[in-house]
1. Do you know which of the residues in segment A:41-99 that are within 21 Å of A:V182 (Cα to Cα) and of a type in the set (S, T, Y) is surrounded by the most Cβ atoms within 10 Å (Cβ to Cβ)?
2. Report whether or not B:A32 is touching a residue at least 60 places away in the same chain (Cβ under 8 Å), crowded, with 19+ Cβ neighbours inside 10 Å and either closer than 22 Å to B:L238 by Cα or not β-branched (V, I, T) (or both).
3. Being at the interface with chain B (Cβ under 7 Å from one of its Cβ atoms), free of Cβ contacts under 8 Å to residues at least 60 places away in the same chain and over 24 Å from B:L66 (Cα atoms) is the filter here, so list the residues in segment A:50-84 that pass it.
4. Among the candidates A:G87, A:G37, A:G31, A:G27, single out the residue that is within 9 Å of another protein chain (Cβ to nearest Cβ) and either part of a loop (DSSP other than H, G, I, E, B) or under 25 Å from A:Q192 (Cβ atoms) (or both).
5. Go through B:G125, B:G132, B:G137 for me and flag whichever is crowded, with 18+ Cβ neighbours inside 10 Å and over 14 Å from the mean Cα position of the chain (by Cα).
6. Of the residues in segment A:40-84, how many are part of a helix (DSSP H, G or I) and either outside the structural domain of A:D145 (by TED's automatic domain parsing) or more than 23 Å from the chain's Cα centre (by Cα) (or both)?
7. Being touching a Leu at 6+ places or on another chain (Cβ under 9 Å) and of a type in the set (D, E, K, R): is that true of A:R88 here?
8. If we scan segment A:100-116, do we find a residue that is touching a strand residue (DSSP E or B) at 6+ places or on another chain (Cβ under 9 Å), farther than 30 Å from A:T207 by Cβ and more than 10 Å from chain B (Cβ to nearest Cβ)?
Amino acid sequence: MIEVANLTKRYGPVLAVDDLSFRAEPGRVTGFLGPNGAGKTTTLRALVALLHPTSGSATVLGRPYPELEDPARTVGAILESNAFHPGRTGRNHLRTIARAAGIGDGRVDEVLALVDLQGAAGRRTKGYSLGMKQRLSLAGALLGDPQVLVLDEPANGLDPQGIRWLRDLLRSLAAGGRTVLVSSHVLSEIAQLADDVVIIAKGRLVTQARVKDVLAGAVRGTRVRSPQRDRLAGALERAGVVVRPVGDDGLSVDAEASAVGEVAAAEQIVLHELGSDAGTLEEVFLELTEGASTPS
Amino acid sequence: MSTVAAEFLKLRTTRVPYVLLFVAVAIAGIAAAGLVGSGSLDEDRALALAQGASFGTMFATVLGILLVTNEYRHGTVMTTFLVEPRRVRVLAAKLVTALLTGVCFGLASAAVAAAVALPWLASKGESLPLDGQALEGLVRLVLAFALSAALGAAVGAIIQSQVGTIVAVFVWFLIAESLVGVLASWLLTDLGEPDPVSRYLPGSALGGVVGGQGSEYMLSGPPATLLAVAYIAGLSVLGAFVITRRDP
């Protein structure tokens, strides 16, 4: 369980995070979404006490991060995808974390196998690809078999197979009762991965919701095409329905498809297409975050 | 304890500490060869050898600087603080690691200096008795290495930038302190005479830990060591203050 309450972080005149509150529940993957510069990284760093918030709080399992009994075995985090000494091997990088956390080297080999990095474990990290670095970061986050995972852009630099692999891994970790908070600026990465989404823009909360509810909210009305478009528009407007022309012969109508069909039948208007006007999550996301970025 | 163990593992798993150790030890050997070969060793032989070997302490300072600033340079400081969010403890572990590594550097330098000097002196029919004075030279040299490394770690915590720290430390040691010395002796005494100010500066105090030639310009032995310890303690407190407040 992660709880962010009225978190604010000010850098000089810039409000990086502005009175942000949300929670991430155990057993679920929570996507933390926002355009670049929205304040995601700042929020995640405040959550693990890598930065001091101006006001507000962020707690993990009900406690501020530094007050956790055994932070490394409670929270696993990725906050920077390239935080390695270039001259140290991948395995030794993990050993230094394990040593500090009182974790044995046996677990190091386990997580290396888990992220499929055994082959490269003996090489210096300066020769790693971005994808390998992401896997090594993830291995580090998983070392303590933590109940809570905080991952800042873990899919950056992964190829499509890597993203699918990450998705399966995080889903199985959440299925085991863990709390997983994953940030991204790429919605498609999150859409199939997360149960819940927290969307922020300009440091402010836009919405927190279940992914499926956000998608349901994306259905805005009905799309219809007709060679007699203007007659249809007139008929619908007389019925008190808002219509918008789309393309040469289309209309976007704020009404159920059945209602549009009935009006067309009554007026004997030919239809070429009639269907629900479902926006994609991407459109909803853009709409929501743009709305929030206009100055109030 | 585990934090100190992790710091040692960090040192052992990169190359630069070994290079620094090699350079420090090589300097000890070359200095010993120079002193014996030129026949300039007088009565205080052990101390003179220790002073020769103490040129390598600047590499212990570099090691101390890297111990802290490498983490900021490569971003690993975040992982370190995730495992141990009490940042003062991280700094304490790094200071302990610097001190202990400095001890190792000092012992290794002394061993090499002895390995060069003893057989050579013996072949010239001279000797270097392994007596109380030799022990004092060893202790002073080891202390100088340990304190030099700790000083680097403390300043590293304050400045955090690797290049910035190295430049600041060596500009201070090699240039600023000399300028203060020149200025002080110009204002307060005759040029070239020992002035009453510069001996209390940190670099001079560290130099005085070993002492030896030129010691009329500095404090020597216990007072120098105490002053150096006080400087390091003060810088460490400042470092702890900065490291807890400035976010990585």
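1. Per the criteria, the residue is A:T43.
2. Numbers: touching a residue at least 60 places away in the same chain (Cβ under 8 Å): yes; crowded, with 19+ Cβ neighbours inside 10 Å: yes; either closer than 22 Å to B:L238 by Cα or not β-branched (V, I, T) (or both): yes.
So B:A32 fits the description; yes.
3. Across segment A:50-84, the qualifying residues are A:H52, A:Y65, A:P66, A:P71.
4. Numbers: A:G37 fails: within 9 Å of another protein chain (Cβ to nearest Cβ); A:G31 fails: within 9 Å of another protein chain (Cβ to nearest Cβ); A:G27 fails: within 9 Å of another protein chain (Cβ to nearest Cβ).
Only one candidate passes the filter, namely A:G87.
5. Working: B:G125 fails: crowded, with 18+ Cβ neighbours inside 10 Å; B:G132 fails: crowded, with 18+ Cβ neighbours inside 10 Å.
Being crowded, with 18+ Cβ neighbours inside 10 Å and over 14 Å from the mean Cα position of the chain (by Cα) holds for just one of B:G125, B:G132, B:G137, which is B:G137.
6. Within segment A:40-84, the first condition is being part of a helix (DSSP H, G or I), and the residues that meet it are A:40-47, A:65-67, A:71-74.
This time we only want the ones that are either outside the structural domain of A:D145 (by TED's automatic domain parsing) or more than 23 Å from the chain's Cα centre (by Cα) (or both), so: A:66-67, A:71-73.
Residues that pass the stated criteria total 5.
7. Numbers: touching a Leu at 6+ places or on another chain (Cβ under 9 Å): no; of a type in the set (D, E, K, R): yes.
Answer is no for this residue.
8. So the first thing to find is which residues in segment A:100-116 are touching a strand residue (DSSP E or B) at 6+ places or on another chain (Cβ under 9 Å), and the list is none.
The answer is no; no qualifying residue exists.
The values are calculated or read from the model by the stated rules, or taken from the named source; none is laboratory data. Here the structure is a predicted model, which means the values were calculated and not measured. Note: ideal-geometry Cβ built from the backbone for every residue, glycine included; neighbour counts use all protein chains shown.
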